[in-house]
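Working notes for the structure below.
The values are calculated or read from the model by the stated rules, or taken from the named source; none is laboratory data. The model shown is predicted, which means the values in this text are computed figures rather than measured ones. Ideal geometry is used to build each Cβ from the backbone, glycine not excepted, and the neighbour counts take in all protein chains shown. The accessibility values were calculated without ligands, DNA or RNA, using every heavy atom of the protein model including side chains. Shrake-Rupley method; radii C 1.70, N 1.55, O 1.52, S 1.80 Å.
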Protein chains: 4
Amino acid sequence: MVALKKTKPEAGLTFMPEVAVPAIGPRDVLVAVTHAGICGTDRHIYEWDAWSASRVPIGITVGHEFVGRVVAVGNAVMRTQVGERVSVEGHIGCGLCEPCRTGNGHICEKVDILGVDRDGCFAQYISVPEENIWPVHPDIPDHIAAVFDPLGNAMHTVMAAGVSGRSVLITGAGIIGLMAVTIARAAGAGTVLVTDVDPRRLELARQLGADLTYAADDPEWPAKARHATHEQGPQVLLEMSGHPRAIRQGFQALRNGGTAALLGLPSEPVALDLPNDIIFKGVTVLGINGRRMYQTWYQSESFVLSGRLQLEPIITHRLQLQEFDSGFKLMQSGDAIKVVLSVPQEGN
Amino acid sequence: MVALKKTKPEAGLTFMPEVAVPAIGPRDVLVAVTHAGICGTDRHIYEWDAWSASRVPIGITVGHEFVGRVVAVGNAVMRTQVGERVSVEGHIGCGLCEPCRTGNGHICEKVDILGVDRDGCFAQYISVPEENIWPVHPDIPDHIAAVFDPLGNAMHTVMAAGVSGRSVLITGAGIIGLMAVTIARAAGAGTVLVTDVDPRRLELARQLGADLTYAADDPEWPAKARHATHEQGPQVLLEMSGHPRAIRQGFQALRNGGTAALLGLPSEPVALDLPNDIIFKGVTVLGINGRRMYQTWYQSESFVLSGRLQLEPIITHRLQLQEFDSGFKLMQSGDAIKVVLSVPQEGN
Amino acid sequence: MVALKKTKPEAGLTFMPEVAVPAIGPRDVLVAVTHAGICGTDRHIYEWDAWSASRVPIGITVGHEFVGRVVAVGNAVMRTQVGERVSVEGHIGCGLCEPCRTGNGHICEKVDILGVDRDGCFAQYISVPEENIWPVHPDIPDHIAAVFDPLGNAMHTVMAAGVSGRSVLITGAGIIGLMAVTIARAAGAGTVLVTDVDPRRLELARQLGADLTYAADDPEWPAKARHATHEQGPQVLLEMSGHPRAIRQGFQALRNGGTAALLGLPSEPVALDLPNDIIFKGVTVLGINGRRMYQTWYQSESFVLSGRLQLEPIITHRLQLQEFDSGFKLMQSGDAIKVVLSVPQEGN
Amino acid sequence: MVALKKTKPEAGLTFMPEVAVPAIGPRDVLVAVTHAGICGTDRHIYEWDAWSASRVPIGITVGHEFVGRVVAVGNAVMRTQVGERVSVEGHIGCGLCEPCRTGNGHICEKVDILGVDRDGCFAQYISVPEENIWPVHPDIPDHIAAVFDPLGNAMHTVMAAGVSGRSVLITGAGIIGLMAVTIARAAGAGTVLVTDVDPRRLELARQLGADLTYAADDPEWPAKARHATHEQGPQVLLEMSGHPRAIRQGFQALRNGGTAALLGLPSEPVALDLPNDIIFKGVTVLGINGRRMYQTWYQSESFVLSGRLQLEPIITHRLQLQEFDSGFKLMQSGDAIKVVLSVPQEGN
């Protein structure tokens, strides 16, 4: 089969025309990938940044967000049939620990991630444990099902924070920040405010339902955001940028008693003014990682089926797997938001 | 009347033998103070640190934790009678804002604090709004009622975090940290672990029910704490020290999915490793300020009346108001934990 | 002044052209009523049913939902000015008990209700405690401000249950049920299902955003509702009818693990199959009463200002106070939903 | 092997000296049972009441609470080793539905229960899915591990209701009610009140930490319970009796804003005064079923290891499997609370 692999400890990925189809164990499922999304994490691996170099093994097949069809199942698989259209939760928990056994496998200490710790989905076939299979509802198109992983990140953040009837500030209008805008709107948010450095992203955020947007380099935006929310600040902060300054400004803007959900990953320690930003304010801060297994998946399915999410404007480019280089470059330039790759099918 | 005032912008307080009894407005209550506790905040004002110099007006009567008897009420006071024994919530909210009108006056943006922003309780009389009056149950002795304010800080922290059946790490065994030990025990905590730099405090923590204690300067304590809690770390962190290193180590020790309640006030920004300490772990962080009005007071009353708290070992010294200098010095030396002052009564 | 009073223990109300303007105490506010809504409770009093006869004193001025202007304040009033446009929370708590002191005055055991236990708002003037005053935002029109009380019942129910991203069944499309439809929609509900006996109400429910409606006398509706919600049943039940059969059917339809919020008041004991309807299902049931003080009011204001509620179709009739008889008859016939009365102003 | 089976549709069970050892599938585990508890459900089947006759198939091996050792594993078993000492969650979910995939398998609509729907543990061997295996901590003795199933019922009820710092009323001092007493005490409850018809049970409840007990047939007990809890009623009701009168009285006693957790199963519909018992009071009612998978198991392990539970007085009798008839009769007479049976080991 074909696969996109990290073959050298440097920038780039290699398109391999002939690699072995992965084996499956008795509880595993073999999925023929049809569409896969490029994630910011994939871009880190493509660019081979410090994090990638420290974690990702050379030789791995990259990619973790996708949709496909089941083509084979292990002999102890009980609930998955050949032919099913499926997406896959990319966090593979140990199955033994307290988080794994209480519906919190997303915070398993021994989690393996597809395309990071073991072979991923930028390939014609992928082998995954049956437990990670998510059957895709027939009314959900392939290119949407392919991005349920990042949609789930945004969904987990929005639903954990609780936006219904509350004003919401989203710092960072990247893929997940923009998904959070449309989810927050559908989930009943009050005023939605968005910050980003790129005016094109802010324009798109408004199109997706943001009421107010601010240039992230305007030092006055926290004051403006407070003014726009009854002079008290937004009740919810969804931090999607990972930028230390945005994090600090987000806390400054946040209302007393508010909730901050942190998803963006700063690459350095962030100095926080704990008394003024968190303690005196009586703020609740939530660390958000992955997707709740599998509550988040049910929520994503339900919102997508409701027709109340606008995801099409976020999926800006659809390319062939072989065109992956263009995909990464479009992301680097900021021209693309979400790129979905079509994977060539056997016999085509 | 006599009063203890800050009369000069330098260390120390002045015992004033003859100041005017405060006036009361139509909705105010005049309380004859009988016993008052010395708080860490009072010590900051006594020592005139940077925070005090920036906030506290010269001429103020200090002190905010006390018990006394009502001696006069304004003509629009409806629910308080002369003669009642009362304690007082020291945070005086604006009464108009959303926090004040939803049971969250402790995070009112315009809060005035007794003994910090307006005249406090180190005096024979104090005037307070009726709304801040807390009638003291007859079974609660004076020296315990006098410390309901700091007890309420500890209670708010413990109850907000939720310790029932969970392992609890308390970083910092000062007054409030020690109160948190006995409250956590009574509130159903599992294993209770405590850190401090002072071995005497750790000894007292064990006496109050801590299962394990660690010297805060042992760099291995987070690893030991994780080992002692099923190799996963404690489920709850109650941060009572305000020390940047303790805060960081506390987050390192904390279990994935755990809850951190921050009460201690660092005097400088704290650099946090947000991805590893909060985000990947899926941690919930709660900023804790004051006491919930008045849920925390009901909880404190209920726990005290249950007989399940050990507060006597924490109230180490009982002095006369005039001996305040000894009280502060005992606190500075670490020999005292909580000092309660008896206030001379009119006619005595 | 003019007032609408219950003067005899029988059906009907009396328009009194000359009664004394109420006195105000030092903490009270005198409000000149401009618009008042007729509530189902008022209709019970008008019809003098068993409940009214057992509770309401003869001679009382009826009515409790209204808007007006402050014309006088007691000498200890601190935060309300003459001239302010205000609505009023009609539940007057004792102010002393645990619920009253923790933001839960709506469940005070000694609550007095305007127009039920003391003189209400169907009059030119009403005296209320300052604590119950709600300043009305200038962007909210009078006829909407006049119905903040029932809107608050619906808001409290919807927000307590939590509808964001969840399927919601509303049994009973009366005033509050219909308000709940538009609130649930704005608060981010998934599929909204509504039952009622009156097809006109179901038509209006669909106009307000209900996805599916069922005739309450169709015995198959619970099965249909389950079918329409992934064969599992709706995740939330908002019981607004008070009919025993609707309550039982609502529980039958409800999903395992779902939430039922009960607001409708059955007039007789309801026999429930606790094992199958609540226990095996792992259901959470919430008793809903009044409005949270004052969290619900902030939520109502925020939703109204967002422009996302459709309240105009629910306010079907606007009459003069003197036309109250027509108003009650329109409600009895089912032709009216909410009737708002204009109160004549002094000097007009 | 030997097994205790229901062989005829009438009262009694049959001790079968020679039945086939159950087969295991690829994901199943074969456990050699060493100790098993007799549950109230087993007694219903023994007595062959209406519920049993309607659900339990003739020929089934009864029993579902036990401890044993793994003697064989299927070829796709991944996390369980031969030789491990284990207990087993007796609710076998479908694994496919939303509850099963979100940590809520206890409310799976298609749940199979050991000893009710498929062969249970009153036998030398039992076959169960690996997912239901609970490894027993070495510090927990066999007779305690054998009753983790009912302990889990009590734990789930207590922890769902939330007792820390709250007054707790337990109606019904049977096995689970008594376990709830010691758990509530360890979990930080305030005043604990217990009702039952049997004075011996009330005596034992006091021994386990109940502060006050009431004869269930004293019609004044709800008033007494309210009086004992600040005249407001207990904050939490744990309903363990399933008796309609106890349920109604429990709601009457419960404090406004309180929480009622219902575990006891009434055998007939219960007529509730919804307005006065639930709606006006603003009560939260929780239906409790089984154990949360597997959060409850972790909680039970943690409490047992803490040494803070008193379970020995509840396990009143230890018999041999062959003495099952005596066991059931001891339960019927009220002389026994929990009976644990020792199962003969192969080769013994």
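List of remarks:
- Which listed residue, of B:193, B:274, B:262, is crowded, with 23+ Cβ neighbours inside 10 Å and free of Cβ contacts under 8 Å to residues at least 12 places away in the same chain: B:274
- Test result for residue C:33, at pLDDT 95 or above, out of contact with any His (no Cβ under 6 Å at 6 or more places or on another chain) and farther than 24 Å from residue C:267 by Cα: yes
- Residue within segment A:72-79 that is within 25 Å of the chain's Cα centre (by Cα) and more than 14 Å from chain D (Cβ to nearest Cβ) present: no
- Selection of segment A:71-87 for residues being open to solvent by 10 Å² or more (accessible area, probe 1.4 Å) and not in a loop (DSSP other than H, G, I, E, B) yields A:71, A:72, A:73, A:85.
- Condition broken by residue B:160, with the remaining ones in (1) touching a residue at least 60 places away in the same chain (Cβ under 8 Å); (2) assigned by TED's automatic domain parsing to the domain that holds residue B:25 satisfied: (2)
Let's see how each residue does on (1) of a type in the set (Asp, Glu); (2) in contact with a Gly (Cβ under 6 Å, 6 or more places away or on another chain):
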| site | (1), (2) |
| --- | --- |
| D:15 | no, no |
| D:18 | yes, no |
| D:35 | no, no |
| D:57 | no, no |
| D:91 | no, yes |
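- Scan of segment C:12-26 for residues that are open to solvent by 30 Å² or more (accessible area, probe 1.4 Å) and within 22 Å of the chain's Cα centre (by Cα), ordered by number: none
- Looking at segment C:1-42, the strands (runs of 3 or more DSSP E) lying wholly inside it that each contain 1 or more residues that are among the hydroxyl-bearing types (Ser, Thr, Tyr) and out of contact with any helix residue (DSSP H, G or I) (no Cβ under 8 Å at 6 or more places or on another chain) sit at C:14-16.
- Checklist (1) open to solvent by less than 10 Å² (accessible area, probe 1.4 Å); (2) under 25 Å from residue C:336 (Cα atoms) applied to residue C:29, failing item: (2)
- The numbered conditions (1) small (Gly, Ala, Ser); (2) farther than 16 Å from residue C:341 by Cβ; (3) crowded, with 16+ Cβ neighbours inside 10 Å are all true for residue C:37 except (2).
- Number of the exception - residue D:300 against (1) open to solvent by less than 10 Å² (accessible area, probe 1.4 Å); (2) more than 16 Å from the chain's Cα centre (by Cα); (3) away from chain C (no Cβ under 14 Å): (2)
- Scanning segment A:172-209 for residues that are of a type in the set (Gly, Ala, Ser) and either under 21 Å from residue A:40 (Cα atoms) or part of a loop (DSSP other than H, G, I, E, B) (or both) returns A:172, A:173, A:174, A:177, A:180, A:187, A:188, A:189, A:190, A:205, A:209.
- Subset tally (residues that are assigned to a loop (DSSP other than H, G, I, E, B), in contact with a strand residue (DSSP E or B) (Cβ under 9 Å, 6 or more places away or on another chain) and among the charged types (D, E, K, R)) for segment B:282-331: 1
- Search result, residues across segment B:327-348 that are loosely packed, with under 15 Cβ neighbours inside 10 Å and without any contact (Cβ under 8 Å) to a residue 24 or more places away in the chain: B:329, B:333, B:335, B:347, B:348
- Residues in segment D:160-219 that are out of contact with any Ser or Thr (no Cβ under 8 Å at 6 or more places or on another chain) and either at pLDDT below 95 or aliphatic (A, V, I, L, M) (or both): 10 in all.
- Some residue of segment C:60-70 being open to solvent by 10 Å² or more (accessible area, probe 1.4 Å), under 25 Å from residue B:97 (Cβ atoms), assigned to a strand (DSSP E or B) and of a type in the set (A, V, I, L, M, F, W, C): no
- Filtered residues of segment A:230-258 (kept if in a strand (DSSP E or B) and more than 10 Å from every other protein chain (Cβ to nearest Cβ)): A:236, A:237, A:238
- Selection status of residue D:46, more than 14 Å from every other protein chain (Cβ to nearest Cβ), among the aromatic types (Phe, Trp, Tyr), open to solvent by 10 Å² or more (accessible area, probe 1.4 Å) and in contact with a helix residue (DSSP H, G or I) (Cβ under 8 Å, 6 or more places away or on another chain): yes
- Selected residue (only one of D:286, D:319, D:311 is more than 15 Å from the chain's Cα centre (by Cα) and more than 14 Å from chain C (Cβ to nearest Cβ)): D:319
- Among the residues of segment A:199-206, not a single one is crowded, with 23+ Cβ neighbours inside 10 Å, of a type outside the set (Phe, Trp, Tyr) and within 14 Å of another protein chain (Cβ to nearest Cβ).
- Residues located in segment A:234-251, provided they are without any contact (Cβ under 8 Å) to a residue 60 or more places away in the chain and either crowded, with 21+ Cβ neighbours inside 10 Å or closer than 14 Å to residue A:168 by Cα (or both): A:251
- Filtering segment B:259-281 to residues that are hydroxyl-bearing (Ser, Thr, Tyr) and either part of a loop (DSSP other than H, G, I, E, B) or facing chain A (nearest Cβ under 7 Å) (or both) leaves only B:267.
- Residue D:195 being over 26 Å from residue D:342 (Cα atoms), touching a Leu at 6+ places or on another chain (Cβ under 8 Å), within 13 Å of chain B (Cβ to nearest Cβ) and of a type in the set (Ser, Thr, Tyr): no
- Applying the criterion of at least 1 residues that are more than 13 Å from chain A (Cβ to nearest Cβ) and surrounded by 22 or more Cβ atoms within 10 Å (Cβ to Cβ) to the strands (runs of 3 or more DSSP E) found wholly in segment D:88-171 leaves D:125-129, D:168-171.
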